[in-house]
Each structure stands twice: as structure tokens, then as C-alpha cells.
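This report refers to the structure that appears directly beneath it.
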Amino acid sequence: MPKIELTDRFSQLYNELPEAVRKKVNKAIRLLAEDIWHPSLQSKPIQGAPGIYEARVDRNYRITYERLAGDILLLRVVAKHDDALKNP
């Protein structure tokens, strides 16, 4: 099971989300920790951003993350789909 680390940016964006979305983000993070390829996450590499992946929170929100050495997932951004992918 990978270790989850958060960037300051991720934490700031997370704190600005509505409570209902934060609950969904928490569930997505649990799923990432268990299996980054869980079907509901629809994880995939982000085109044009080598080494960075996106995972689905819900229809509108995405998490971007990096897979680091030592089995670490660095969560970078949580935002609406287009905003997350503009600057992952």
C-alpha cells in the first residue's frame, strides 16, 4: 500500500472545497491508497505532463498525483476537471 503525501497546493485546494466534495475526495484517496488502478478512479497519465496522473473524484472533480520512489503517491492538485488538468 503506497504512502500518501500532499503538496501544500493540494491541501489549500482541498480546504477550499465544499464539505460534500471533500468527502468524495477522502474516498478517492482511500481508494488510491488501496489500488491506484481501482476502476472507479479511472486513473490515467496526463498527456503533456510526464509522470503525472489523474484520478476521478466524481463527474466534475479530479486529483492529480505523481508516483514517487519508495511507493509514495504525491497528491498535487484537487480541482474541477479542466482546472486540474491545466496545471497538474
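The values are calculated or read from the model by the stated rules, or taken from the named source; none is laboratory data. Please read these numbers as outputs of a predicted model, since none were measured by experiment. All Cβ positions, even for glycine, are placed from backbone atoms using ideal geometry, and neighbour counts span all protein chains on display.
What the table shows:
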| item | result |
| --- | --- |
| Qualifying positions in segment 47-83 - part of a helix (DSSP H, G or I) and more than 14 Å from Phe10 (Cβ to Cβ) | His81, Asp82 |
| Within segment 1-26, tally of residues that are of a type outside the set (A, V, I, L, M, F, W, C) and surrounded by 13 or more Cβ atoms within 10 Å (Cβ to Cβ) | 7 |
| Residue that is surrounded by the fewest Cβ atoms within 10 Å (Cβ to Cβ) [pool: residues in segment 31-41 that are farther than 17 Å from Ser11 by Cβ and within 11 Å of the chain's Cα centre (by Cα)] | Ile36 |
| Answer residue from segment 53-63, given it is farther than 16 Å from Ala33 by Cβ and in contact with a Lys or Arg (Cβ under 7 Å, 6 or more places away or on another chain) and is surrounded by the most Cβ atoms within 10 Å (Cβ to Cβ) among those | Arg62 |
| Pick from segment 1-23, criterion assigned to a helix (DSSP H, G or I) and under 11 Å from the mean Cα position of the chain (by Cα), ranking: farthest from Asp58 (Cα to Cα) | Phe10 |
| Tally, over segment 32-58, of residues that are in contact with a helix residue (DSSP H, G or I) (Cβ under 9 Å, 6 or more places away or on another chain) and touching a residue at least 24 places away in the same chain (Cβ under 8 Å) | 8 |
| The one condition in (1) at pLDDT 95 or above; (2) surrounded by 15 or more Cβ atoms within 10 Å (Cβ to Cβ) that Ala84 fails to fulfil | (1) |
